[in-house]
Ligand code: NAD
């Protein structure tokens with residue numbers, strides 16, 4: 001048996017198409033074009049690639065995109081002042097501070113992210129948005145876990161009543177995904193570095209999500225035959241070689257459906273960001 005391979009490209013294209021239609025709708029209904037401002041501090045090359053990608057995707061979809069590039073030595077107060085200015089600007093519907101921040105201000109990351117108006121928090125990291133997700137009334141949800149749900153839906157994979165196991169409990173992926181899956185009536189187990197018997201727990205999963213950042217952590221014997229395996233991991237093991245957290249070549253013979261890395265669920269993250277920008281604009285315009 002060989003698993004169905006869930007390539008991200010076609011799913012991302014569908015999400016972006018729907019975002020593009022909503023941009024047009026907001027333009028005709030309110031005469032307003034949704035706008036995203038991304039703040040990048042310093043010269044981190046990976047961050048620069050991510051920011052360029054976001055900018056390019058905004059342009060494709062007719063979203064106004066501005067990149068605010070601040071020098072490496074920007075202090076916390078200047079960054080907070082910039083966020084205040086963007087919070088007050090009605091043409092900016094989404095604000096995103098690209099992480100990681102430079103070492104000198106990294107310790108203030110929470111304070112900086114929490115300064116973003118929750119209605120403009122298109123990363124979904126603000127405590128107000130986290131709280132709304134936890135109590136089951138989500139507005140803006142983190143893009144990578146939201147992409148996992150969207151992928152399952154677009155691939156026609158049932159979530160309701162299934163056993164889902166997530167490997168990883170970060171605030172960016174594992175924890176929000178727990179709440180998204182719970183809201184869809186899955187029975188969810190979250191594993192982490194202190195989990196005992198990870199293989200045994202993973203084998204219970206109808207839907208197994210790997211978000212550990214550990215190459216080949218998930219081996220074929222950890223997968224229930226026919227299970228859906230979503231590999232969120234992105235690990236650079238050589239200058240030009242990215243792999244996920246799953247031993248794909250072996251897992252593909254056991255799983256029912258599986259996402260590759262690269263080219264899998266990671267491609268949905270930027271598409272979901274676009275969806276969040278449109279949603280943020282709608283929240284502000286319809287308030
Ligand atoms: P993180 O380092 O913040 O969290 C990793 C989690 O995995 C932790 O909760 C840890 O307890 C758990 N973990 C690590 N080793 C484990 C082990 N041996 N057994 C069980 N649990 C273990 O990472 P993150 O930010 O959540 O990202 C996870 C992975 O997803 C990374 O590879 C990252 O690059 C990738 N990622 C991809 C996207 C995207 O596709 N756009 C977005 C965010 C993160």
Could you list all residues from region 264-287 that are touching a helix residue (DSSP H, G or I) at 6+ places or on another chain (Cβ under 6 Å), surrounded by fewer than 20 Cβ atoms within 10 Å (Cβ to Cβ) and not in a helix (DSSP H, G or I)?
none
Let me spell it out: the conditions are (1) closer than 25 Å to residue 183 by Cα; (2) under 18 Å from the mean Cα position of the chain (by Cα); (3) not in a helix (DSSP H, G or I), and residue 156 meets all of them except one. Which number is the exception?
(2)
Select from region 189-213 the residues that are touching a strand residue (DSSP E or B) at 6+ places or on another chain (Cβ under 8 Å), more than 18 Å from residue 141 (Cα to Cα) and more than 6 Å from the ligand (Cβ to nearest atom) and list them in ascending order.
189, 190, 201, 202, 204, 205, 206, 207, 208, 210
Just a yes or no: is a residue in region 222-242 more than 30 Å from residue 118 (Cα to Cα), touching a helix residue (DSSP H, G or I) at 6+ places or on another chain (Cβ under 7 Å), without any contact (Cβ under 8 Å) to a residue 24 or more places away in the chain and more than 10 Å from the ligand (Cβ to nearest atom)?
no
Here the residues within region 155-181 that are away from the ligand (no atom under 16 Å from the Cβ) and surrounded by fewer than 16 Cβ atoms within 10 Å (Cβ to Cβ) are 155, 156, 158, 160, 161
Can you tell me which of (1) within 14 Å of the ligand (Cβ to nearest atom); (2) more than 25 Å from residue 22 (Cα to Cα); (3) surrounded by fewer than 22 Cβ atoms within 10 Å (Cβ to Cβ) is the one residue 218 doesn't meet?
(3)
Exactly one condition in (1) within 19 Å of the chain's Cα centre (by Cα); (2) surrounded by 14 or more Cβ atoms within 10 Å (Cβ to Cβ) is not met by residue 46; state its number.
(2)
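Taken together, the values in this text are just the output of simple stated rules run on the coordinates, not laboratory data. Values in this document were obtained by computation on a predicted structure and should not be read as measured data. Neighbour counts are summed over all protein chains in view; Cβ atoms, including those assigned to glycine, are modelled from backbone coordinates with ideal geometry.
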